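Data block below; observations after.
The values are calculated or read from the model by the stated rules, or taken from the named source; none is laboratory data. Note that this is a predicted model, so its numbers are computed, not measured. We place every Cβ from the backbone using ideal geometry, glycine too, and count neighbours over all the protein chains shown.
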Ligand code: ZN
Ligand code: ZN
């Protein structure tokens, strides 16, 4: 039996050249989080051309297109649009040489090093397939293009800017990410799939003094060092042995000269967890330890702890997973696999959570299958296949575009095909 998704995807060949060209164009023109003006403009134009009802400028540069095709379920699919301050080293003819200005006002190199350009191209290709052949499906399709995923606030910025008033409330929400898997492979899992994350900027205060007279100051270097060491006890001694958590100190800064004891130190922290209870436990333990170490050092002022870049837990609905993963298996056979739980994070789920919709977020691959399988056999995957955010993380364009458009279309038709 030919499925509704197969009928739509029989036209994929016709769409590939146009969307490959779009993909390479987006890849050449990456834009930082909340600066996705060019990308959002292209997306809005294309959606209007295809007959979508478009609202743009939601949460800054967010765009939604709504396609009403009669009675049936309402399904939302999301792609993120932002790039990263990374200097591209792929050597590809369409490699980015772009630069931009970051939030601190510094000029930085720009690259689509997380594949969001591919997400945009695939969702637009699916949007075109659905718009141009409306016979096999019924319902309402919402194509959502989100800014600022990389800093964890783009989804929330759309929600806070009235997303719920701009679109019909979806019955289900879908999202996908290209990863370091073979480009013919799609992977999904029910329940927690990607970790919740928080970052913190911690500034602790000592009292500066001469390096030869430590007794007359409070040493911020010793204080910060004690915090770094004591923080390691959270995962090792406070979480249960089977409870997942990560506490990383990614930066520690203090002082400028060997014989000056500095009066201040700044630490940048990153936390990961797979459930909200652990997330709160990690945050509370960090705050307790920082305050207690400041007290232990005789710090003259309380520390400043600022929480930033919050990413929600991606907790896939078991019901949506059961339906969509069955459709993936029907379409892709043994190339539809179980996804490993990722310690990476995503803000996608802020959207369905705010709209009260169940959701599924899955991953698909962007790399040559033969190379991937050989590296997996040899145990050299990490040195052979670049990870997301690496300066060489660029999917093999055409097959990855084909698979990503297919996965999204198959998942959409799980709900929108007539007679399901
Ligand atoms: Zn990323
Ligand atoms: Zn990403």
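Some points to look at:
- Within the option set 162, 154, 100, 115, being within 16 Å of ligand 2 (Cβ to nearest atom), farther than 30 Å from residue 13 by Cβ and touching a strand residue (DSSP E or B) at 6+ places or on another chain (Cβ under 8 Å) holds for one residue only, 154.
- Residue check, residue 411 in contact with a helix residue (DSSP H, G or I) (Cβ under 7 Å, 6 or more places away or on another chain), touching a residue at least 60 places away in the same chain (Cβ under 8 Å) and in the same structural domain as residue 126 (by TED's automatic domain parsing): yes
- The residue list 165, 243, 176 contains one member that is assigned by TED's automatic domain parsing to the domain that holds residue 355 and either in contact with a helix residue (DSSP H, G or I) (Cβ under 7 Å, 6 or more places away or on another chain) or crowded, with 17+ Cβ neighbours inside 10 Å (or both), which is 176.
- Looking across region 123-155, the residues that are under 18 Å from residue 310 (Cα atoms) and surrounded by 24 or more Cβ atoms within 10 Å (Cβ to Cβ) come down to 146, 147, 148, 149, 154, 155.
- Pairs, first within 24 Å of residue 162 (Cα to Cα) and modelled with pLDDT of 95 or more in region 338-350, second assigned to a loop (DSSP other than H, G, I, E, B) and within 11 Å of ligand 1 (Cβ to nearest atom), C-beta under 6 Å, six or more apart: 347/149; 347/152
- In the set 120, 64, only one residue is crowded, with 19+ Cβ neighbours inside 10 Å, touching a residue at least 40 places away in the same chain (Cβ under 8 Å), in contact with a helix residue (DSSP H, G or I) (Cβ under 8 Å, 6 or more places away or on another chain) and part of a strand (DSSP E or B); that residue is 64.
- Residue satisfying condition, being surrounded by fewer than 18 Cβ atoms within 10 Å (Cβ to Cβ), out of contact with any helix residue (DSSP H, G or I) (no Cβ under 9 Å at 6 or more places or on another chain) and either in the same structural domain as residue 24 (by TED's automatic domain parsing) or under 23 Å from residue 191 (Cα atoms) (or both), within set 391, 383: 391
- Filter pass, residue 21 being touching a strand residue (DSSP E or B) at 6+ places or on another chain (Cβ under 7 Å) and surrounded by fewer than 21 Cβ atoms within 10 Å (Cβ to Cβ): no
- None of 209, 156, 185, 203 is in the same structural domain as residue 247 (by TED's automatic domain parsing) and touching a helix residue (DSSP H, G or I) at 6+ places or on another chain (Cβ under 9 Å) except 209.
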